[in-house]
């Protein structure tokens, strides 16, 4: 029995060698995986990157001097820089800016809540001192309250007054209309 143990210990352990077929399979598989990752990773980053970017929703845009605002609504146009994914553009927006009965400045969006047409102040002789939409005859009070056709009041811009200028932010639901 002792001789059998010596016989096993004196034999060299057999080494299992890789065949050419296995070598090629491993090499081609690894190369394919590397190339697939090289193509896939940039596509995933392209799709996910805009989500990871901080949004500029809190930014305000300088629109007009505070001294130019009266009780009568006036239309003011202003530029907003937008970034939609990788597309950047400067969009022109409009706001109706005025003072309320207490002298506080507020700004309304000109987009009709019925079908998205643009409203104008005193645009129709039948509806004096009202915002009027020519598309379907929706009209609103000076505060933006819906009087006919439209299902909701005009939206309002966030507003900030700083150093004698009026700054407008994002659009929000109307705060001047009581229901």
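A few remarks follow.
- Sub-7 Å Cβ pairs linking a first residue in the stretch 37-53 that is under 20 Å from residue 83 (Cβ atoms) to a second residue that is surrounded by 10 or more Cβ atoms within 10 Å (Cβ to Cβ) and at pLDDT below 85, at least 6 apart or interchain, are 50/85, ordered by first then second residue.
- In the stretch 97-138, residue surrounded by the fewest Cβ atoms within 10 Å (Cβ to Cβ) [restricted to those that are in a loop (DSSP other than H, G, I, E, B) and in contact (Cβ under 8 Å) with a residue 40 or more places away in the chain]: 100
- Test set (1) in contact (Cβ under 8 Å) with a residue 40 or more places away in the chain; (2) over 24 Å from residue 92 (Cβ atoms) - residue 171 fails condition number: (2)
- Scanning the stretch 153-166 for residues that are farther than 16 Å from residue 73 by Cα and either at pLDDT below 90 or in a strand (DSSP E or B) (or both) yields a count of 5.
The values are calculated or read from the model by the stated rules, or taken from the named source; none is laboratory data. No experiment lies behind these values; they were computed from the predicted model shown. FYI the Cβ positions are ideal-geometry reconstructions off the backbone, even for glycines, and counts take in every protein chain you see.
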